[in-house]
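First up is the structure itself, then whatever we jot down about it.
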Amino acid sequence: MKQSYLNLEVFNKRNGTTGTVVGQDETTISIKSGDAIKAVTESTFLRWYTIVPQDKPAEKETSKEPEMMPMPGTQDPDWGEKAAGKKTEKKEEKKVEEDKSLPAGSPGVGEQLREKFLTLVKQQANQHLDITYDEKNHRDIVKYNGRNVFECTTAKRRFNVLCHPKSLTADNFKRADKVFPKEWGWSLRAKFVFTDITQIPLMKTIIVDGLFYRQKEEENNDAE
């Protein structure tokens, strides 16, 4: 008998979002995260999603990330009406309340910080750099020497950056707003939330350290 995942809260190891399974059939499993619903195959579900235990508050805290939208994929626009129940509505109300506690700057500062961050990345990079922008989810993926070095999301009042914790100095590691458990299986798990132009010096040190870490890693691989 096929296992049922309906109504379970799950965590996406790839992009750090949480959601609730709202539909399941023979070929796909549908997960609702915020206002979006994503349908994935069972093999994809087992690879990237883990069931969130109710007694682990550290994992529940990831529901407070409004900018980290689900990966682009097939969405059923009717699922919201078909599957929305009282339990889901209560979760959405709770998320709205929790969002108010996140660091926030002035309106429009998120885009300003994004432009500054990408400018600094281009100035500091001296090897192969690739920046991919996902317009739908306001996400930039920065690769250096073919490896992910930063994953950034932009909101009106904040700019989030995920980077490799091993690339950070001890001082910057302490400044991270959140460091996700390594058991979740993704390398860019140190998160910084920028909300003001005065944080640009910190932003620059993170960029320099991140690029140097990937460059040094590449050089070590060539030497082997």
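The values are calculated or read from the model by the stated rules, or taken from the named source; none is laboratory data. Please read these numbers as outputs of a predicted model, since none were measured by experiment. Reconstructed Cβ throughout: ideal geometry from the backbone, glycine too, with neighbour counts over all protein chains shown.
Per-structure values
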{"item": "First in segment 196-208 and in contact (Cβ under 8 Å) with a residue 60 or more places away in the chain and in the same structural domain as Asn172 (by TED's automatic domain parsing), second anywhere and outside any helix (DSSP H, G or I) and surrounded by 16 or more Cβ atoms within 10 Å (Cβ to Cβ), Cβ under 7 Å, 6 or more apart", "result": "Asp196/Gly105; Met203/Phe194"}
{"item": "Total residues in segment 19-36, condition outside any loop (DSSP other than H, G, I, E, B) and modelled with pLDDT under 85", "result": "2"}
{"item": "Top-ranked residue of segment 131-148 - restricted to ones that are more than 16 Å from Tyr213 (Cα to Cα) and in a strand (DSSP E or B), ranked as nearest to the chain's Cα centre (by Cα)", "result": "Arg139"}
{"item": "Selection within segment 149-172 - surrounded by 14 or more Cβ atoms within 10 Å (Cβ to Cβ) and part of a helix (DSSP H, G or I)", "result": "Pro165, Ser167, Asn172"}
{"item": "Among the candidates Asp196, Asp171, Asp177, residue that is more than 30 Å from Asp35 (Cβ to Cβ) and modelled with pLDDT of 90 or more", "result": "Asp171"}
{"item": "Unmet requirement for Asn137, which otherwise passes all of (1) buried (at least 20 other Cβ atoms within 10 Å of the Cβ); (2) touching a residue at least 40 places away in the same chain (Cβ under 8 Å)", "result": "(1)"}
